[in-house]
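The values are calculated or read from the model by the stated rules, or taken from the named source; none is laboratory data. Everything quoted here is computed from the prediction, not taken from an experiment. As a convention, Cβ positions derive from the backbone with ideal geometry for all residues, glycine included, and neighbour counts pool all protein chains shown. Each accessible area value is taken on the protein alone, full model and side chains, heavy atoms only, with ligands, DNA and RNA left out. Shrake-Rupley method; radii C 1.70, N 1.55, O 1.52, S 1.80 Å.
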Amino acid sequence: MSLRLCVIGNSHIAALKLGWEAAKAKGVQPDVRPTFFGAPRDGMRHVALSNGCLIPGRKDIVEFFKLISGGQDRIRLSDYDAFLLTGLNISSKRILRLYKTHAWVGLNGTAGKVVVHPAFAQDFLAERYAETRMIDLASQIRATVQAPILTVAEPHWAEWARTSREVANFGWGAAVAAGDGAAIGHLFHRAVEAAVAPYGTYVRQPEDTVLDGILTRAEYNKDASKLITGEGGGTDASHMNAAYGERVWSALAPALSA
Amino acid sequence: MAKAVKSSGTAADRPATIRPELAVLGGDPAFPVAAALRRAGANVLDAEPPPEGTSDALAQRYGFGLASVRAGRLDSLGLMRNLVEEALTDRQPRHLFWTQPDGQVIDGFRAAIDPQGLPDLAAASSYRKAHLAALRRVLTSAPILILCLTRTGAMVDPADGSAFPEPPPGTVLPPSANLAAHAPDPAELDADFATLHGILQAANPGLRLRVVVKPAGSDPVASRDEATLRACASGWAGRFPSVSADPLFDHLLDRTLHSTSGSGDDSAIFRVLVGLAEGADLAVLLGAGPASAPSPSPPQLDKAARRERRKLRQARRQKSKKDSSVVCEDELLEAFS
């Protein structure tokens, strides 16, 4: 019998949904029956636990739940064998913000920064990630049911964000130019693992979708949004496409079958 | 690694006007003078601040915010003299770095703040250099330096007379570093202070120093140390025109550290405490309204330019929020409809 998987997230579940359909069309999807719930931006902050259910407190979020799940206005936690939490503010943008002001051993781009021990950097980030909606939801689910909880972060931004003036500059270019992308990406994963560890398992962004440790290869961002021109430009570097979603399902497969 | 010195204070505490910058040296976790002054609204420099958003518990665990640099436990004059000598002169302690059995290298002068150590001597040395550079910027730029003393003695390396804080339990020292507890007599303390004062004045001729001695409470050893340090501090204030020491100030600091949240009484104490720290006269502070800053304030930023920058930031934020809202909703609607 297929695993009943509850997928909860923000807009980044779109890639998972599209990827699921793509994998299904090829007959390579994991043996799971996913039900999606989500809301854009920080909409999941307006969802509260009550009587074993996660219930939206705003009408627009209820509408999103119904649209996305196929009619359900709440998440009844006992209905599922496992949970997959997606995005929900776990992003490498946060470590890039830290990298702008602080540095640690193993990095090259240290000029003008306060040096800290790498253990501090990891603890600081784990503490910050522990305050995200992702971990908040994980703790609520874990307090209610014992089903496995898997988590995936928001994808790194598309590689063109490094040089584009069309999107906010979180410092990808500086980090990559200094040769620090891989080290930053590594610490990002370790910090998220530490934040998630009390509740579940963190599955890293598939390595073959990653460029320079902290970016996503452009092919996984192409046509991800209506605002993407499809010709190498665009204004949305944060969301990924069906091909990316497919790769994430592949990365999740071992954990889902465990 | 260079970093502009940051004047800090929590958002809630931050004074509305730009106050003189205070440097604080001395980091006894039981007597966090920099924290007390920040709480009272003083403009305390922090050249090695934690990232924004660091919790108090994490900052405390890694030794942030105790002083204007992250120097670890720095509670005696010997430790301060060592550190200032290392930052502003050619003196190099012989047993500065301690290699552990697992190969990690610990900075012996501030072993407690990064007890895990660093992977090799080059890394430890680079961290030390960055720390000293930060300290140099503070010591050469601040108009006022507050030295906080808790104890008279320290662990001393007989090889070269360097003082060290107590090593954390389990730390392995170099075989030739036979640290031993040393309690200097007042003459030694006077000599240490004269050395320290001379180095500081040479680096920053206008620098004014305030010596703070931690009120001891009922502990007999601490009380003995307090009495010795108070007598010495009083002597230093009499001997050097740029030095001040005042038990009232020290007790106000202690009171600020132990008071709960800002009552009306606290705000009066805060005002006097900050005024004294900035060098104002007590009589003026008690008689007049707001604490007057005797030092010339740093130049005010151009208000029109600041307003313009703020507008631009807000516009950018709003644009970014609007764009991301559209994109996030579109993503979901496209995928699920």
Q: Please give the total accessible area that chains B and A bury against each other, computed with a 1.4 Å probe and expressed in Å² to the nearest 100.
A: 3300
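Relative to the present Cα-Cα distance, how much length would full extension add between A:Asn169 and A:Glu131 at 0.36 nm per residue of separation? Write down the numbers at each step before the final one.
Numbers: separation 38, 0.36 × 38 = 13.68 nm, distance 2.34 nm.
The span from A:Asn169 to A:Glu131 would gain 11.3 nm if fully extended.
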Q) Let a ≥ b ≥ c be the square roots of the eigenvalues of the Cα gyration tensor of segment A:95-225; is it rounded (a/c under 1.5), or, if not, prolate (a/b larger than b/c) or oblate? A) oblate
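Using 0.36 nm times the number of residues separating B:Arg255 and B:Glu166, minus their current alpha carbon distance, what extension gain do you get? Walk me through the intermediate numbers first.
Numbers: separation 89, 0.36 × 89 = 32.04 nm, distance 2.73 nm.
Extra length available between B:Arg255 and B:Glu166 comes to 29.3 nm.
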Q | Förster radius 30 Å - calculated FRET efficiency between A:Ala197 and B:Gln60, Cβ distance, rounded to 0.05 | A | 0.85
Q | segment A:102-136 residues near the modelled B:Ala133 label - backbone nitrogen below 19 Å, point 7 Å along Cα→Cβ | A | A:102-118
Q | In nm, spacing of pseudo-spin labels at B:Leu333 and B:Asp120 (7 Å Cα→C-beta vector) | A | 5.6
Q. When the C-alpha atoms of the protein assembly as shown are aligned to their principal axes, what extent does each axis show, in angstrom, from largest down?
A. 87, 59, 49
Q: Given the options A:Thr35, A:Thr101, A:Thr201, state which has the largest fluctuation in a GNM of chain A using a 10 Å cut-off (strictly under) for Cα springs.
A: A:Thr101
Q) So if we plug the beta-carbon distance of A:Ser78 and A:Thr235 into 1/(1 + (r/R0)^6) with R0 = 60 Å, what FRET efficiency do we get, rounded to 0.05? A) 0.90
Q. When the distances between all Cα atoms of chain A are binned every 10 Å from zero, what whole-number percent does each bin get?
A. 7, 30, 35, 21, 6, 0
Q) Counting DSSP beta bridges in chain A, what percent are antiparallel, to the nearest 5? A) 30
Q: Only counting protein heavy atoms at a 1.4 Å probe, give the residues of segment A:53-87, ordered by number, whose accessible area falls by 40 Å² or more when the other protein chains are present relative to the chain alone.
A: A:Phe64, A:Leu67, A:Ile68
Q) Among the listed pairs B:Lys129/B:Lys214; A:Lys66/A:Lys93; A:Lys59/A:Lys222; A:Lys26/A:Lys222; A:Lys93/A:Lys113, which are separated by more than 23 Å between their Cα atoms? A) B:Lys129/B:Lys214; A:Lys66/A:Lys93; A:Lys59/A:Lys222
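Placing +1 at every Lys and Arg Cβ and -1 at every Asp and Glu Cβ, with all other atoms neutral, what dipole size does segment A:21-150 have around its Cα centre, in debye to the nearest 20?
Numbers: 18 positive and 12 negative charges, 78 e Å.
With only Lys, Arg, Asp and Glu charged at Cβ, the dipole is about 380 debye.
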**Q.** Placed amide H near A:Phe36: partners under 5 Å, 5+ positions off or other chain
**A.** A:Val7
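What FRET efficiency do you get for A:Ser50 and B:Arg307 if R0 is 51 Å and r is their Cβ-Cβ distance, rounded to the nearest 0.05?
Working: r = 46 Å, r/R0 = 0.90.
The value I calculate is 0.65.
Just subtract the alpha-carbon distance of A:Arg41 and A:Ala182 from 0.36 nm times their residue separation and send over the number in nm, one decimal.
On the way: separation 141, 0.36 × 141 = 50.76 nm, distance 2.77 nm.
The span from A:Arg41 to A:Ala182 would gain 48.0 nm if fully extended.
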Q. Using modelled backbone amide H atoms (1.01 Å from N, in-plane), which distant-in-sequence or interchain residues come within less than 5 Å of A:Arg41's amide H?
A. A:Ser11
